Amino acid sequence: MGMEKPRTRIQKKNRETILEAALEVFSQHGFRGATLDMIAGAAGLSKPNLLYYFPSKEAIHVTLLSGLMDTWLAPLREMDTGGDPMEELRGYVRRKLQMSRDFPRESRLFANEIVQGAPRMQEGLETELKALVDEKAEVIRGWIAQGRIADVDPHHLIFSIWALTQHYADFDAQVRAVLGEGRDPLTEAEGFLDTLFTRLLAP
């Protein structure tokens with residue numbers, strides 16, 4: 001089998017343009033609501049030109065999701081098993097909240113995939129994601145056994161961190177509508193969540 005020819009600079013640029021446009025379209029309309037015509041229009045390319053790079057809407061979606069998994073897991077991977085438990089968990093909350101600020105479209109893309117039953121990333125959830133969460137849950141159990149943090153269920157602690165941080169990206173319009181103009185939801189959330197988890201985890 002011959003090796004794939006290296007992409008030219010223009011080809012790389014066009015692929016990046018398509019993926020950036022697709023991220024915007026998928027995050028707004030979900031997989032089902034998005035069309036190749038929408039993505040091509042957002043990319044400023046013709047549909048035949050887009051199909052030269054990606055054979056289908058699903059191929060574009062899978063490419064985006066594949067890259068997203070590493071980004072999604074990075075904040076949890078950074079949790080230092082040898083660090084101070086309270087600082088490590090509070091740091092994880094801050095990193096997840098920062099992701100909602102820096103990657104809101106990626107967060108909504110991920111949420112849309114999960115709401116649909118994760119048909120294109122179920123394997124990654126059951127292997128890579130599960131393995132990392134189980135590993136860190138064991139670390140948290142160790143900290144609990146040492147009396148360094150409160151006795152809480154490690155898996156549900158991680159789920160609660162996801163819920164309370166990703167909400168600010170996935171439900172941004174709702175949060176901003178309720179808070180009104182002139183307020184920064186994520187800046188306010190950082191102080192609130194720091195206090196919340198400090199009190200929850202205090203031994």
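The values are calculated or read from the model by the stated rules, or taken from the named source; none is laboratory data. Small disclaimer: the values here were computed from a predicted structure and weren't measured. Backbone-built Cβ (ideal geometry, glycine too); neighbour counts: all protein chains shown. Ligands, DNA and RNA are excluded from the accessible area calculation, which covers all protein heavy atoms including side chains. Shrake-Rupley method; radii C 1.70, N 1.55, O 1.52, S 1.80 Å.
For the stretch 107-137, which positions are open to solvent by less than 40 Å² (accessible area, probe 1.4 Å) and closer than 23 Å to Ala173 by Cβ?
Residues of the stretch 107-137 that are open to solvent by less than 40 Å² (accessible area, probe 1.4 Å), as a first pass: 107, 109-111, 113, 118, 121, 124-125, 129, 132-133, 136-137.
Of everything in the stretch 107-137, those that are open to solvent by less than 40 Å² (accessible area, probe 1.4 Å) and closer than 23 Å to Ala173 by Cβ turn out to be Ser107, Leu109, Phe110, Ala111, Glu113.
If the condition is being under 13 Å from the mean Cα position of the chain (by Cα) and either among the polar types (S, T, N, Q) or surrounded by 13 or more Cβ atoms within 10 Å (Cβ to Cβ) (or both), then the stretch 145-163 contributes Ile161, Trp162. Do we find that Arg77 is in contact with a helix residue (DSSP H, G or I) (Cβ under 6 Å, 6 or more places away or on another chain), open to solvent by 50 Å² or more (accessible area, probe 1.4 Å) and charged (D, E, K, R) in this structure? No. Taking the condition of being in contact (Cβ under 8 Å) with a residue 40 or more places away in the chain and outside any helix (DSSP H, G or I), how many residues in the stretch 113-145 meet it? Qualifying residue count for the region: 3.
Do you know which residues across the stretch 171-191 are closer than 15 Å to Leu97 by Cβ and either open to solvent by less than 90 Å² (accessible area, probe 1.4 Å) or assigned to a helix (DSSP H, G or I) (or both)? Write out each step before concluding.
Initial filter on the stretch 171-191 (closer than 15 Å to Leu97 by Cβ): 171-172, 175, 184-191.
Of everything in the stretch 171-191, those that are closer than 15 Å to Leu97 by Cβ and either open to solvent by less than 90 Å² (accessible area, probe 1.4 Å) or assigned to a helix (DSSP H, G or I) (or both) turn out to be Asp172, Val175, Asp184, Pro185, Leu186, Thr187, Glu188, Ala189, Glu190, Gly191.
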